[in-house]
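Only one structure is covered here, and it is reproduced in the block below.
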Amino acid sequence: IPSVFTVSLFQYRSLSNFFLNTPFGPYASSSCNFSALSITIKVLLPSFLALSLFIYIINSLSESVKSLVFHLVYCSWCCWKLLMVASPNPIRAEKVQPIELPVINLSAERSEVSNLIVKACEEYGFFKVINHGVSEDIIAQMEEEGLNFFTKPLSEKQRAGPASPFGYGCKNIGFRGDIGEVEYLLLDTNPLCISQISNNISNDPKKFSSSVSGYIHAVRDLACEILDLMAEGLWVHDSSVFSRMIRDGESDSLFRLNHYPPIPCKDGETSPSSFHGHRSNKVGFGEHTDPQILTILRSNGVGGLQISLRDGVWVPVPPDPTAFCVNVGDVLQAMTNGRFVSVRHRALTNYDKSRMSMAYFGAPPLHAWVTAPAELVTSHKPLLYRPFTWGEYKGASYSLRLGDSRLDLFRKDNINEQVA
Ligand SMILES: C=C1C[C@]23C[C@@]1(O)CC[C@H]2[C@@]12CC[C@H](O)[C@@](C)(C(=O)O1)[C@H]2[C@@H]3C(=O)O
Ligand SMILES: O=C(O)CCC(=O)C(=O)O
Ligand SMILES: [Fe+2]
């Protein structure tokens, strides 16, 4: 019975994953637009087939074997119920450590700033910047456009979807069956692409397009400034070695708006208000690293972002409307020969507040080669990752699940070197 159960569960998962990868997937998997067709395919059909098979097998057994089977099924059901009750909610059971994360004042003395950035990237792969120079107007306009979009009825938002990869997505993240309590708009940062897709996003596409382009322009400048400071702090001779990649007209950078609707507590659940000071509930955007060079992230003053320092310990990032969060991506980890860490992070939903985050992902052009500059490679610290193009790395990322460690595939000492 357990093996039959495992096999059918496996088949059920494969069937759902297969279905998710079809053009209907994005619609079928989201409970906000769960269609009758998907309920039939994902739940009713397999249940009906399994039940018919079970009844058929039972009928063909002798009385004593029948009673044995019934006892086994009853015991399994009791154990399962017991386990379900005994096992705590996985999010609540995790360790959360509220520690002070580095806040870097970009208007301080340059060499001091660059040293602090390097230290933060080595220790955490994450820091906040204040006095960043991005105008409040640009931020406010972008936030307004984002909220205008997410408050629209679902049927209107779906006109901008499915995200394949650009456009509106609901709950599906990537193409490998990852799901979260999030809806989003994923955009190419190329101005032409922005103006084209804006027609499906907004009733005033020109306004939307100019708000997005203005915001992207400002955060790209901020990202370049930070990357130059990093190169200076690392004593790399060519201080634009990192920023050049995202300034390039062919840069494959992305912009993403995430919206996490509030998810109220179910009856019987204890109030989450006491849960480590964060009124969290479900996983909105699961644990992952960002594949690109650098991410510039902010939210609408509502908490939910957490970073992972060691396995299993989560550090909440309190919301701060005056700051931008900056995190190292996989490419920068490779380009610093492993000195900077591409930090694992995730976003939780709140039980009473909706959260919107805006993320700019600075990436190289597809054909650009990624490797560490000579100054960061020594006999004591030999090259850790084999050179690869961003296109190759992006391809590997999209073939894996959200939480997978993709950079390991490119380690020179990886005996399995699957991506050779
Ligand atoms: C499951 C996936 C979604 C993702 C591409 C990937 O295959 C693995 C990385 C994911 C991520 C994380 C950072 C960004 O939000 C993102 C746009 C990116 O470039 O890599 C997402 C991808 C996505 O949502 O499509
Ligand atoms: O919403 C957030 O704070 C994090 C989102 C994120 O990690 C992403 O979009 O890659
Ligand atoms: Fe991320």
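Here are the numbers:
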item	result
Relative contact order, percent, the range 342-420 [alpha-carbon distance under 8 Å, six or more residues apart]	23 percent
Linear extension gain, L400 paired with K412, 0.36 nm per residue minus alpha-carbon span	2.4 nm
Approximate spin-label separation D248-E144, in nm, with each point projected 7 Å along Cα-to-Cβ	3.7 nm
Cut-off under 5 Å, modelled amide H: who pairs with G329 long-range	L294, T295
Cut-off 10 Å between beta-carbons: net charge of the residues surrounding D238, Lys and Arg +1, Asp and Glu -1	0
Cut-off 11 Å between beta-carbons: net charge of the residues surrounding S253, Lys and Arg +1, Asp and Glu -1	-1
In sequence order, calculated HN-Hα J values of the range 197-205 (Karplus, 6.51, -1.76, 1.60; Hz; x Gly/Pro)	6, 4, 4, 8, 9, 10, 6, 10, x
Where labels lie 7 Å past Cα in the beta-carbon direction, separation of D137 and K119 in nm	3.7 nm
Cut-off under 5 Å, modelled amide H: who pairs with V182 long-range	K171
Of K171/K282; K282/K353; K282/K394; K171/K353; K171/K206, pairs whose Cα-Cα distance is over 20 Å	K282/K394; K171/K206
S60 versus H367: modelled label distance in nm, points set 7 Å from Cα along the beta carbon direction	6.3 nm
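We did not get these values from a lab; they are worked out from the coordinates using the rules stated. Because the structure is predicted, anything quoted here is derived from the model rather than measured. Quick reminder, even Gly has a Cβ in these numbers, built from the backbone with ideal geometry, and neighbours come from all protein chains shown.
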